[in-house]
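The values are calculated or read from the model by the stated rules, or taken from the named source; none is laboratory data. Quick caveat, the model's predicted, so the values are computed rather than measured. A quick note on method: Cβ atoms are made from the backbone with ideal geometry, for glycine too, and the neighbour counts reach across all protein chains shown. These area figures cover heavy atoms from the full protein model, side chains too; ligands, DNA and RNA do not enter into them. Shrake-Rupley method; radii C 1.70, N 1.55, O 1.52, S 1.80 Å.
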Amino acid sequence: MNQFLSRRIFILIPTMSILKFIFKPMNALASSFTSKEEWNLSKEEWKNRLTPESYYILREEGTERAFSSQLNNEKRKGIFHCAGCDFPLFSSDTKYDSGTGWPSFWDSILGSIETKRDFKLIVPRTEYHCSRCGGHQGHVFNDGPQPTGKRYCNNGLALKFKPD
Ligand SMILES: [Zn+2]
């Protein structure tokens, strides 16, 4: 190995560990805080409001097991609300069977969600969360059906379905 290359590696490794420290708190902040003051609850307040499973998804950006949610097979007309704050996020009109094992939608209700980049699996993904309480919902991909081409891959535990 030539000298130039080994010097580059010496610089690269410490730089990467510094980046990890910077990105980790940023990821944690995004779903913990919200601009809506009344929904800026403490960890304890969220734990009291939610089941441990929903807390893990909504407040710690967890992911439920594929095919574990009953909402996968929910085919009635209605609205899917945030399980954290009850904000309406998706309409049944945009729900479809993606075959992935998670409730999937090709569009969200206008203004209901916000997105951020997520590097948890190293490859960047687009995380999205409820725009009111900041609760993590899932990830959005560009392999969905028309007319949007989007696939909102949502945790069932982060949603509450209200039939019409
Ligand atoms: Zn919410």
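Things worth noting here:
- Comparison of SER98, SER68 shows that the only residue that is part of a loop (DSSP other than H, G, I, E, B), away from the ligand (no atom under 12 Å from the Cβ), of a type outside the set (Asp, Glu) and surrounded by 17 or more Cβ atoms within 10 Å (Cβ to Cβ) is SER98.
- Residues of the stretch 71-95 satisfying the condition of being away from the ligand (no atom under 12 Å from the Cβ) and open to solvent by less than 60 Å² (accessible area, probe 1.4 Å): LEU71, ASN72, GLU74, GLY78, ILE79, PHE90, SER91, SER92, THR94, LYS95
- Residue that is nearest to the ligand (Cβ to nearest atom) [pool: residues in the stretch 108-124 that are buried (at least 17 other Cβ atoms within 10 Å of the Cβ) and touching a residue at least 40 places away in the same chain (Cβ under 8 Å)]: SER108
- ILE113 vs. criteria β-branched (Val, Ile, Thr), at pLDDT 95 or above and touching a His at 6+ places or on another chain (Cβ under 7 Å): yes
- Residue within the stretch 129-143 that is open to solvent by 70 Å² or more (accessible area, probe 1.4 Å) and more than 27 Å from LYS47 (Cβ to Cβ) present: yes
- Candidates in the stretch 50-65 are the residues that are in contact with a Gly (Cβ under 9 Å, 6 or more places away or on another chain) and surrounded by fewer than 19 Cβ atoms within 10 Å (Cβ to Cβ); of these, the one that is farthest from GLY135 (Cα to Cα) is ARG65.
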